[in-house]
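Only one structure is covered here, and it is reproduced in the block below.
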Amino acid sequence: MTTRIIPPPAPGVWPSCAALGRSSDVVAITRSSVEGMTASAPSVPADAGILDPRTGEHVTSVYRIAQAEPGRTAVIEASGRQVIFGELADAAHGYARGLQALGLTAGDGIVLLAPNGIGFLEVYFAALEIGLYVAPANWHLTGPEVAYILENSGSTVFVADERFADVATAAASEAGLDPARCYAIGDVPGFRPLAELTAPAEGSDPLPRDRTLGAPMLYTSGTTGRPKGVRRPLTGASPDQVTVPNYYFFAGFGIEGSDNVHICGSPLYHTAVLNFVAISLNLGQAVVLMDKWTPEEMLRLIDAHGVTQSHMVPTQFSRLLELPEDVRATYDVSSLRTIVHGAAPCPQHVKQAMLDWWGPVLTEYYAGTEGGGCTITGEEWLRKPGSVGRPWRTTTLKILDDDGNEVPTGDTGNVYLQMHGSRFEYHQDAEKTAKTYVGDLFTMGDIGYVDEDGYLFLCDRKNDMIISGGVNIYPAEIEAEMTRHDAVRDAAVFGIPHADWGEEVKAVIELAEGYTESDELTAQILSDLSARLAKYKMPRSIDVVDELPRQANGKLMKRTLKDPYWA
């Protein structure tokens, strides 16, 4: 089955929130915006970004916006600390000059180990300005794991925050990195203060020399092994304009306007999280950064700063819905226009509850670090519950069998994507790259099907699929049904060895507050489940844990639970 995005049914505009009393531009995706997302090299519209009063023209990118309106608010930390565009760009220019003074040139790399904060973004935009690759390290990793990223990425400069001093010093030592090239945000033993990275300008021009757009080098989450760095060729583009794909990526969600306020509640080392923050800033939007996400604090910040858009994950929805009604009612969230979510499957009952609360401002996408993707608006989802949408204009979607042949519409198979005009490679892992591709199509390891209207429905990760007695069983379906029970806060389902069937279904759950583990409760959960699932899908046993192991982006680390049974 091959499908490309199908033109929306309504003339000129995709479904918006107008029907429910919100302004028609809330999550409207105009046909002109979608038509712009083609492979025919469109340009960024002349009215994108902010107006430069000096020239009467609109500008984009942190660096140009800083020149046009230096006092414009750029970043607001949850603590209240703020930085304006002029300050953000000045810091970035200084660090960029310093990196060049160390001998770094376009194509070289740095690793950044820091929490969400202004310091992270100053260094990030410094590297992007001079053509460097930036590898943000997951700060849950150990010293040896960060050392692996330093070595694998080929980075020669390491910037770390004092919060992760022990990990940073261990990583730098194991990677054999020159201490003179290790810089600290705060105080890290053996590291140079970040201020020492700043180099003076040459004459009156604050800009570094040889400016060309760099790129993030994001590492996949490593749920099936060591993380893999996704490295794309540098394009030679100017850093002084938001890129065409990034502009139309935001336009596709209807969030390209400079009047938007973005809130970031997840770690910046995640691909989508970092991209949303960077693009928001490059379009002149203010960004509210949360250092630690909690549901009520997010509501407070939305209310306080008039937040209009965010990128979230389903686990955050679940935690928000756990708040008492009186707490929810305390905060005004009417400023919200678009909440984009992805990264993990969202149970249908959770999404429905969020739509009931916030209105159809939720837009879901299916994509990964590797590129390409699908999108579905809130109103579309109400017509196609459970779907992750139709492919972007820049994406081709195919469902293939294990031999690489296309399957008929409605049949389940391996989900493959092609991002037009772009390929990627897993850095220093040619074998994994080769296994990922069939021709120009790549897979992220998911199983799904496409319906007659071109909407993609995901069944599960191929590596998570259970084969019991020759029958394919998809854990995501069982997990979604289990979390419908009031006692089940979170659930993980996977296969464990069975002498006759090959595998049997195992469930591990996290109980909701106020519930205690007991045989009676387990029996009640299974009884409730049996009314909604076929017998062969039923868990043969349920274990209870205090907390399921999830990454900060909401992805469940099933290997942690599953591996002991297969050892």
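The values are calculated or read from the model by the stated rules, or taken from the named source; none is laboratory data. Because the structure is predicted, anything quoted here is derived from the model rather than measured. Glycine also receives a Cβ, built like all others from the backbone with ideal geometry; neighbour counts cover every protein chain displayed.
Odds and ends about this structure:
- Complete set of residues in the stretch 478-511 that are of a type in the set (Asp, Glu), over 28 Å from the mean Cα position of the chain (by Cα) and either under 18 Å from ALA534 (Cβ atoms) or not assigned by TED's automatic domain parsing to the domain that holds VAL545 (or both): GLU503, GLU504
- Qualifying residue in the stretch 441-458 (condition: over 20 Å from GLY386 (Cα atoms), surrounded by fewer than 16 Cβ atoms within 10 Å (Cβ to Cβ) and of a type in the set (D, E, K, R)): no
- Residue pairs whose Cβ atoms lie under 8 Å apart, sitting 6 or more positions apart in sequence or on different chains, and linking a residue in the stretch 297-321 that is in contact (Cβ under 8 Å) with a residue 12 or more places away in the chain to a partner that is among the aromatic types (Phe, Trp, Tyr) and not in a helix (DSSP H, G or I), are LEU299/TYR331; ARG300/TYR331; ILE302/TYR331; ASP303/TYR331; GLN316/TRP293.
- When restricted to residues that are more than 22 Å from SER530 (Cα to Cα) and of a type in the set (Ser, Thr, Tyr), the stretch 449-477 contains 2.
- Consider the stretch 280-317 and keep the residues that are of a type in the set (Gly, Ala, Ser) and crowded, with 19+ Cβ neighbours inside 10 Å. The one that is farthest from GLY554 (Cα to Cα) is GLY284.
- When the stretch 548-567 is limited to residues that are among the basic types (Lys, Arg) and assigned to a helix (DSSP H, G or I), the one that is surrounded by the most Cβ atoms within 10 Å (Cβ to Cβ) turns out to be LYS558.
- Residue ID - farthest from ILE496 (Cα to Cα), chosen from residues in the stretch 523-547 that are under 32 Å from the mean Cα position of the chain (by Cα) and assigned to a helix (DSSP H, G or I): LEU529
- Filter result for the condition that a residue is surrounded by 17 or more Cβ atoms within 10 Å (Cβ to Cβ) and within 22 Å of ILE473 (Cα to Cα), over GLY413, GLY342, GLY373, GLY386: GLY413
- Test: residue in the stretch 271-279 that is in contact (Cβ under 8 Å) with a residue 12 or more places away in the chain, part of a helix (DSSP H, G or I), in contact with a Lys or Arg (Cβ under 9 Å, 6 or more places away or on another chain) and crowded, with 20+ Cβ neighbours inside 10 Å: no
- Whenever a residue of the stretch 477-496 is more than 20 Å from LEU320 (Cα to Cα) and crowded, with 22+ Cβ neighbours inside 10 Å, its partners that are of a type in the set (D, E, K, R) and at pLDDT 95 or above, lying with C-beta atoms within less than 6 angstrom and at least six residues away or across chains, give the pairs PHE494/LYS506.
- Tally of residues being at pLDDT below 90 and not in a helix (DSSP H, G or I) across the stretch 476-510: 7
- Verdict on LEU197 being within 26 Å of ASN275 (Cβ to Cβ), touching a residue at least 60 places away in the same chain (Cβ under 8 Å) and in contact with a strand residue (DSSP E or B) (Cβ under 6 Å, 6 or more places away or on another chain): yes
- Search result, residues across the stretch 77-92 that are buried (at least 17 other Cβ atoms within 10 Å of the Cβ), in contact with a Leu (Cβ under 7 Å, 6 or more places away or on another chain) and either modelled with pLDDT of 95 or more or of a type in the set (Phe, Trp, Tyr) (or both): LEU88
- So THR38, is it assigned to a loop (DSSP other than H, G, I, E, B), over 16 Å from LEU283 (Cβ atoms), modelled with pLDDT of 50 or more and not assigned by TED's automatic domain parsing to the domain that holds TYR248: no
- Going through (1) more than 25 Å from LEU320 (Cα to Cα); (2) part of a strand (DSSP E or B); (3) under 26 Å from the mean Cα position of the chain (by Cα); (4) not charged (D, E, K, R) one by one, ASN472 falls short only on (3).
- If you go through the stretch 356-372 and pick out every residue that is at pLDDT 85 or above and touching a strand residue (DSSP E or B) at 6+ places or on another chain (Cβ under 6 Å), you end up with 6.
- Pick from the stretch 397-433, criterion at pLDDT 75 or above and small (Gly, Ala, Ser), ranking: nearest to SER387 (Cα to Cα): GLY410
- Single residue of the stretch 58-107 satisfying the filter (of a type in the set (S, T, N, Q) and assigned to a helix (DSSP H, G or I)) that is nearest to ALA304 (Cα to Cα): GLN67
- Any chance ALA353 is closer than 26 Å to THR308 by Cβ and either at pLDDT below 95 or charged (D, E, K, R) (or both): no
- Single match in GLY470, GLY448, GLY454 (criterion: within 23 Å of VAL415 (Cα to Cα) and touching a Cys at 6+ places or on another chain (Cβ under 6 Å)): GLY448
- In the stretch 217-238 there is at least one residue that is in contact with a Leu (Cβ under 6 Å, 6 or more places away or on another chain) and of a type outside the set (S, T, N, Q).
- Inspection of the stretch 505-516 identifies no residue that is under 13 Å from ASN414 (Cα atoms) and aromatic (Phe, Trp, Tyr).
- Failed criterion for LEU177 (all others in (1) modelled with pLDDT of 95 or more; (2) assigned to a loop (DSSP other than H, G, I, E, B); (3) under 29 Å from the mean Cα position of the chain (by Cα); (4) buried (at least 19 other Cβ atoms within 10 Å of the Cβ) hold): (3)
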